[in-house]
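J.: Let me begin by handing over the structure; questions about it come next.
The values are calculated or read from the model by the stated rules, or taken from the named source; none is laboratory data. Values in this document were obtained by computation on a predicted structure and should not be read as measured data. Positions of Cβ are generated from backbone atoms using ideal geometry, with glycine treated the same way; all protein chains shown enter the neighbour counts. The protein model used for the area step is the full one, side chains on, heavy atoms only, and it has no ligands, DNA or RNA in it. Shrake-Rupley method; radii C 1.70, N 1.55, O 1.52, S 1.80 Å.
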Amino acid sequence: MDKIQHNVSLAEYTTFHIGGPAKYFVAIKNKQDLFDAFNWAENKNEPVVILGGGSNVLISDDGVEALVVKLGNSRIALKGDRLHCGAGADLSRANTLAISNALSGLEWSAGIPGATIGGAIRGNAGAFGWDMSGLVETVESFFYGSGKQKSFSTYSNRDCQFGYRASIFKENPDLLIWEAVLKMRKGNQEEIKKYNRQTLNKRCEDQPNLPNAGCIFKNLSLSDIEKNSPKLASYIKNNNITKNDKVAVGWIIETAGLKGKSIGGAKVSLEHANFIVNRGKATALDIIGLISYIKKEVSKRFNLELEEEIHYLGFK
Ligand SMILES: Cc1cc2nc3c(=O)[nH]c(=O)nc-3n(C[C@H](O)[C@H](O)[C@H](O)COP(=O)(O)OP(=O)(O)OC[C@H]3O[C@@H](n4cnc5c(N)ncnc54)[C@H](O)[C@@H]3O)c2cc1C
């Protein structure tokens, strides 16, 4: 397959701007390319790693010893109140198209750089009480388990088994999201635009400008905190700190006094403590070091275990 490149730097494909090269790299636009790439990898006995917009990943400094498949099927078609989207389509482009047709549902994503529809569905991305699970009608998925027949199949919303930042696609690394149909809600265009603007303004105020990968850790539920850190839980309840039944991990990290903590080129953002920023020359090792440090300190202070929302690619 002649479209496959060798030794391609991946840092520029991520919003963190961090990471070594892909051993092999291919950009995929259609189903034939997809079959060809997976057959090529199977013949060469190379693992396959999927990359969307790279806005929620940390790539190893040593790169990824695999065929990295960058999804470039970016078509978006509007049919009535449904958006038919390729997995490689920009979430922000889908939102813009929806708004220009007075359709609501994706405004929460305004201002997220780079994210694709496929990546957003896999992690059931969301914010401010909204997420992808409320929009997805169907997903066309490609199954590529090694030694098994490669095939496409359609998943209903229920089949996707969405949960908080979770889906069947995240649980099953042999499932690639290829296309999806999002059912949007008809609304008042001025109201939709207003909410979109408010979201953008909120992100501008609360989120850092330096390269980052969004929230590093998943938020915690109050019941988890009650079990392990009753004193903190009662403070949270008395001060009304929960949002949609979750406690923002940014608040916990800030309360642990870690805002601004840095290791090498990695720093806990001063704007939002659940973001780590790349101050210019951060390595993946710096980011990992800071993540471990935050986890250790939060465990020591509050007896709470944090779980990463970001995905690690290329680490052994
Ligand atoms: C400034 C900023 C703000 C953010 N705000 C939010 C927010 O408010 N809410 C939120 O939920 N997230 C947020 N994020 C994180 C991120 O944008 C989302 O999680 C996004 O959905 C990731 O999509 P992606 O295409 O970039 O996926 P990637 O980062 O490329 O990939 C993430 C994971 O999904 C896998 N993957 C990607 N595409 C596919 C596919 N088609 N099929 C199978 N697997 C796939 C990858 O292998 C990887 O494991 C933010 C990020 C940034 C940088």
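J.: I'd like the residue in the stretch 80-93 that is within 20 Å of Glu140 (Cβ to Cβ) and in a helix (DSSP H, G or I) and, out of all such residues, is farthest from the ligand (Cβ to nearest atom).
T.: Across the stretch 80-93, the extreme among qualifying residues is Arg93.
J.: Pick from Gly72, Gly118: which is over 19 Å from Pro211 (Cβ atoms), crowded, with 22+ Cβ neighbours inside 10 Å and either touching a residue at least 40 places away in the same chain (Cβ under 8 Å) or of a type outside the set (A, V, I, L, M, F, W, C) (or both)?
T.: Matching residue, one of Gly72, Gly118: Gly118.
J.: Can you give me the number of residues within the stretch 105-131 that are in contact with a Ser or Thr (Cβ under 6 Å, 6 or more places away or on another chain), at positive phi and at pLDDT 95 or above?
T.: 1
J.: What helices (runs of 4 or more DSSP H), lying completely within the stretch 196-298, carry at least 1 residues that are open to solvent by 10 Å² or more (accessible area, probe 1.4 Å) and of a type in the set (Asp, Glu)? If you could, list the steps in order and put the result at the bottom.
T.: Working: elements: 222-228, 230-238, 249-255.
Answer list for the stretch 196-298: 222-228, 249-255.
J.: Touching a Lys or Arg at 6+ places or on another chain (Cβ under 6 Å) and more than 21 Å from Ala266 (Cα to Cα) - does that describe any residue in the stretch 12-25?
T.: Of the stretch 12-25, the ones touching a Lys or Arg at 6+ places or on another chain (Cβ under 6 Å) are none.
No: zero hits.
J.: Moving on. Could you check how many residues of the stretch 16-56 are open to solvent by 40 Å² or more (accessible area, probe 1.4 Å) and either within 20 Å of the chain's Cα centre (by Cα) or assigned by TED's automatic domain parsing to the domain that holds Ser92 (or both)? I'd like the intermediate steps shown before the answer.
T.: Within the stretch 16-56, the first condition is being open to solvent by 40 Å² or more (accessible area, probe 1.4 Å), and the residues that meet it are 17, 21, 23, 27, 29-32, 35-36, 39-40, 42-45, 47, 50, 56.
Within this subset, residues satisfying the condition of being either within 20 Å of the chain's Cα centre (by Cα) or assigned by TED's automatic domain parsing to the domain that holds Ser92 (or both) are 17, 27, 50, 56.
Of the residues in that region, 4 qualify.
J.: Follow-up. Starting from the stretch 79-105, keep only residues that are charged (D, E, K, R), then list their pairs with residues that are open to solvent by 30 Å² or more (accessible area, probe 1.4 Å) whose Cβ atoms are within a distance under 6 Å, requiring at least 6 positions of separation or different chains.
T.: Matching pairs, first to second residue: Asp81/Lys186; Arg82/Lys183.
J.: Going through Asn124, Asn188 one at a time, which residue ends up being open to solvent by less than 50 Å² (accessible area, probe 1.4 Å) and either more than 25 Å from Leu58 (Cβ to Cβ) or not assigned by TED's automatic domain parsing to the domain that holds Trp40 (or both)?
T.: The unique qualifying residue is Asn124.
J.: For the stretch 164-197, how many residues meet the condition of being within 13 Å of the ligand (Cβ to nearest atom) and at negative phi?
T.: Residues meeting the conditions: 16.
J.: Next question, about the same structure. Considering each residue of the stretch 155-184, count those that are surrounded by 13 or more Cβ atoms within 10 Å (Cβ to Cβ) and part of a strand (DSSP E or B), and give that number.
T.: 12
J.: Also: Residue by residue through the stretch 40-56, note down the ones that are under 20 Å from Cys85 (Cβ atoms) and either modelled with pLDDT under 95 or not in a loop (DSSP other than H, G, I, E, B) (or both).
T.: Here is the first cut: in the stretch 40-56, the residues under 20 Å from Cys85 (Cβ atoms) are 50-56.
If the condition is that a residue be under 20 Å from Cys85 (Cβ atoms) and either modelled with pLDDT under 95 or not in a loop (DSSP other than H, G, I, E, B) (or both), then Ile50, Leu51 are the ones that fit.
J.: On to the next question. So is Phe143 among the aromatic types (Phe, Trp, Tyr), open to solvent by 40 Å² or more (accessible area, probe 1.4 Å), out of contact with any helix residue (DSSP H, G or I) (no Cβ under 8 Å at 6 or more places or on another chain) and not assigned by TED's automatic domain parsing to the domain that holds Asn43 or not?
T.: On the way: among the aromatic types (Phe, Trp, Tyr): yes; open to solvent by 40 Å² or more (accessible area, probe 1.4 Å): yes; out of contact with any helix residue (DSSP H, G or I) (no Cβ under 8 Å at 6 or more places or on another chain): yes; not assigned by TED's automatic domain parsing to the domain that holds Asn43: yes.
Judged against the criteria, Phe143 is a match.
J.: Looking only at the stretch 94-142, count how many residues are part of a strand (DSSP E or B) and either more than 9 Å from the ligand (Cβ to nearest atom) or touching a strand residue (DSSP E or B) at 6+ places or on another chain (Cβ under 6 Å) (or both). Show your work before the answer.
T.: Let us first name the residues in the stretch 94-142 that are part of a strand (DSSP E or B), namely 103-104, 116, 126-127, 130-131, 136-142.
Subsequent filtering for residues that are either more than 9 Å from the ligand (Cβ to nearest atom) or touching a strand residue (DSSP E or B) at 6+ places or on another chain (Cβ under 6 Å) (or both) retains 103-104, 130, 136-142.
Residues that pass the stated criteria total 10.
J.: Is there any pair with a first residue in the stretch 228-247 that is at pLDDT 90 or above and a second that is open to solvent by 80 Å² or more (accessible area, probe 1.4 Å) whose Cβ atoms are under 9 Å apart and which are 6 or more apart or on different chains, and what are they?
T.: As it stands, the answer is Asn228/Asn303; Asn228/Glu305; Ser229/Arg301; Ser229/Asn303; Leu232/Arg301; Leu232/Asn303; Ala233/Lys227, since those pairs meet every condition given.
J.: Assuming Leu67 fulfils every condition listed in (1) part of a strand (DSSP E or B); (2) under 21 Å from Ala94 (Cβ atoms) apart from one, which condition is it?
T.: (2)
J.: Out of Ala37, Ala77, Ala22, Ala27, I need the residue that is in contact with a strand residue (DSSP E or B) (Cβ under 9 Å, 6 or more places away or on another chain), more than 11 Å from the ligand (Cβ to nearest atom) and not in a strand (DSSP E or B). Which one?
T.: Details: Ala77 fails: not in a strand (DSSP E or B); Ala22 fails: not in a strand (DSSP E or B); Ala27 fails: not in a strand (DSSP E or B).
Going through Ala37, Ala77, Ala22, Ala27 in turn, just one is in contact with a strand residue (DSSP E or B) (Cβ under 9 Å, 6 or more places away or on another chain), more than 11 Å from the ligand (Cβ to nearest atom) and not in a strand (DSSP E or B): Ala37.
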